Amino acid sequence: MDAIRLSPPRRLKLPVENRWGDGDLSVLDFGDPKRPVDLVFVHANGFNAMTYRSLLAPLSGTLRIWAPDLRGHGVSTLPADPEGRRSWADHRDDLTALLDALDGPPVVMAGHSMGGTSSLLAAAERPDRVSRLVLLDPVIWSRMTVALFHLPLFDRMAVHIPLVKGALKRRAVFESREKALGGYIGRGAFRGWPEMMIADYLADGLVETPEGFTLACRPEWEASNYAAQSHDPWKALKRVDRPVRILKAEEGSTCSVGADPRRLPRVSVETVHRGTHFFPMLKADVARDALFDAAV
């Protein structure tokens with residue numbers, strides 16, 4: 001198990017061509033390459049697939065897992081222009097391209113935060129390629145809030161969202177990876193994270209440039225993901241005719257789906273006791289068990 005836990009995943013490049021701009025989607029490939037993919041796992045906004053290595057690697061003795069870097073994150077080379085973005089349709093379409101590229105039986109789609117919601121949107125477009133979903137504190141606002149996000153006026157209001165303002169203020173350049181690691185440990189969203197997980201995030205989260213080590217996910221792109229909310233996850237939940245298991249945080253959840261969602265018989269919702277939005281990092285065993293149960 002220790003060898004599996006520490007072994008690095010393979011890196012694949014998946015060419016993607018769509019209306020959002022062409023390039024390569026970087027995919028980490030865990031497990032036996034001779035077997036079909038069992039699980040696709042998608043990261044949260046601002047992070048990358050490598051961030052979740054210590055969560056996913058222990059499953060690779062049984063499962064084959066693909067973990068992509070979304071557009072504008074990690075080492076994917078797809079263009080990421082925040083100008084005029086209104087939704088996560090670009091992430092949805094990139095993930096549908098990934099599903100179309102898979103051989104074998106339908107897979108489990110899973111993800112954390114934005115990655116969970118993007119997986120849901122993609123599954124609604126390709127239900128024949130998905131067996132079930134596991135969403136870890138996905139970003140699903142209330143129905144009324146989603147309706148407000150569709151108003152043209154919201155374009156001018158988005159810059160005032162605290163998460164948008166915070167992302168735009170984020171430090172983007174560091175002298176070294178060591179300086180970045182020291183700056184993140186125990187601070188902000190990274191409080192309580194295992195040091196190895198932060199190091200994994202920085203492995204693909206920093207790009208060496210003449211100016212120093214720059215965030216692969218630019219603050220402007222991270223901010224645009226917080227602001228671009230005119231997609232409709234509620235509509236996707238109704239369209240998906242597959243089981244959907246949602247694990248939501250007890251504290252500060254971004255998921256408004258209640259414990260007994262009306263008119264959504266395939267959706268089950270559980271609250272992670274004392275879990276925050278980052279419970280996949282802080283309570284990895286809970287997230288890992290949910291992924292394993294869905295895929296075996």
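Given the criterion under 17 Å from Gly46 (Cβ atoms) and in contact (Cβ under 8 Å) with a residue 40 or more places away in the chain, identify the matching residue among Ala189, Ala199.
Every option except Ala189 fails the conditions.
Can you pull out the residues in segment 95-124 that are assigned to a helix (DSSP H, G or I) and aliphatic (A, V, I, L, M)?
Hits for segment 95-124 are Leu95, Ala97, Leu98, Leu99, Ala101, Met114, Leu120, Leu121, Ala122, Ala123, Ala124.
Of the conditions (1) under 16 Å from Arg132 (Cβ atoms); (2) touching a Gly at 6+ places or on another chain (Cβ under 9 Å); (3) free of Cβ contacts under 8 Å to residues at least 12 places away in the same chain, Val269 clears all except one; give me its number.
(3)
Based on this model, can you work out whether Gly21 counts as surrounded by fewer than 19 Cβ atoms within 10 Å (Cβ to Cβ), touching a residue at least 24 places away in the same chain (Cβ under 8 Å) and part of a loop (DSSP other than H, G, I, E, B)?
On the way: surrounded by fewer than 19 Cβ atoms within 10 Å (Cβ to Cβ): yes; touching a residue at least 24 places away in the same chain (Cβ under 8 Å): yes; part of a loop (DSSP other than H, G, I, E, B): yes.
The answer is yes for Gly21.
Looking only at segment 219-231, count every residue that is buried (at least 20 other Cβ atoms within 10 Å of the Cβ) and either modelled with pLDDT of 95 or more or outside any helix (DSSP H, G or I) (or both) and tell me the total.
Total satisfying the criteria: 9.
Name the single residue that is nearest to Gln229 (Cα to Cα) among those in segment 164-178 being outside any helix (DSSP H, G or I) and either modelled with pLDDT under 90 or of a type in the set (A, V, I, L, M, F, W, C) (or both).
Ranking the candidates gives Ala172 first.
Considering only residues that are aliphatic (A, V, I, L, M), over 22 Å from Met144 (Cα atoms) and not in a loop (DSSP other than H, G, I, E, B), which ones fall in segment 252-296?
Start the filter on segment 252-296 by keeping residues that are aliphatic (A, V, I, L, M), which leaves 257, 259, 264, 267, 269, 272, 281-282, 284, 286-287, 290-291, 294-296.
If we keep only those that are over 22 Å from Met144 (Cα atoms) too, we end up with 272, 281-282, 284, 286-287, 290-291, 294-296.
The answer is Val272, Met281, Leu282, Ala284, Val286, Ala287, Ala290, Leu291, Ala294, Ala295.
Give me the residue from segment 24-36 that is part of a loop (DSSP other than H, G, I, E, B) and in contact (Cβ under 8 Å) with a residue 12 or more places away in the chain and, out of that set, surrounded by the most Cβ atoms within 10 Å (Cβ to Cβ).
The selected residue is Gly31.
What residue, among those in segment 212-239 that are touching a Ser or Thr at 6+ places or on another chain (Cβ under 6 Å) and not aliphatic (A, V, I, L, M), is farthest from Val159 (Cα to Cα)?
So the residue we want is Pro233.
So for segment 48-71 (the condition being of a type in the set (Val, Ile, Thr) and free of Cβ contacts under 8 Å to residues at least 60 places away in the same chain), does at least one residue qualify?
Yes.
Ala147: in a helix (DSSP H, G or I), free of Cβ contacts under 8 Å to residues at least 40 places away in the same chain and surrounded by fewer than 20 Cβ atoms within 10 Å (Cβ to Cβ), yes or no?
Against the criterion (in a helix (DSSP H, G or I), free of Cβ contacts under 8 Å to residues at least 40 places away in the same chain and surrounded by fewer than 20 Cβ atoms within 10 Å (Cβ to Cβ)), Ala147 qualifies.
Which ones in segment 41-65 are in contact with a Leu (Cβ under 7 Å, 6 or more places away or on another chain) and buried (at least 24 other Cβ atoms within 10 Å of the Cβ)? Before you say what the answer is, go through the steps one by one.
In the first step, residues of segment 41-65 are kept if they are in contact with a Leu (Cβ under 7 Å, 6 or more places away or on another chain); the result is 41-43, 49-50, 59, 63, 65.
Matches in segment 41-65: Phe41, Val42, His43, Ala49, Met50, Ile65.
Check Asp81, Asp90, Asp103, Asp69 and return the single one that is under 23 Å from Trp141 (Cα atoms) and among the acidic types (Asp, Glu).
One residue alone meets the criteria, Asp90.
Only residues that are out of contact with any Ser or Thr (no Cβ under 7 Å at 6 or more places or on another chain), over 28 Å from Ala284 (Cα atoms) and surrounded by 12 or more Cβ atoms within 10 Å (Cβ to Cβ): list them for segment 150-175, please.
Phe154, Asp155, Met157, Ala158, Ile161, Lys165, Leu168, Phe174
Show the residue pairs meeting these rules: Cβ distance below 6 Å; 6+ apart or different chains; first residue within segment 164-176 and closer than 13 Å to Glu211 by Cα; second residue of a type outside the set (Val, Ile, Thr) and assigned to a helix (DSSP H, G or I).
Pairs found: Ala172/Pro219; Phe174/Ala180.
Would you be able to say whether some residue in segment 70-84 is closer than 26 Å to Thr214 by Cβ, part of a loop (DSSP other than H, G, I, E, B) and β-branched (Val, Ile, Thr)? Talk me through it step by step, then tell me what you get.
Our first condition is that a residue be closer than 26 Å to Thr214 by Cβ; within segment 70-84, this holds for 70-84.
Of the ones still in play, those that are also part of a loop (DSSP other than H, G, I, E, B) are 70-84.
Those left that are additionally β-branched (Val, Ile, Thr): 75, 77.
Yes, there is a match, as at least one residue in segment 70-84 is closer than 26 Å to Thr214 by Cβ, part of a loop (DSSP other than H, G, I, E, B) and β-branched (Val, Ile, Thr).
The values are calculated or read from the model by the stated rules, or taken from the named source; none is laboratory data. Worth saying up front: this structure is predicted, and the values here are computed from it rather than measured. Cβ coordinates were reconstructed from backbone atoms using ideal geometry, including for glycine residues, and neighbour counts include every protein chain displayed.
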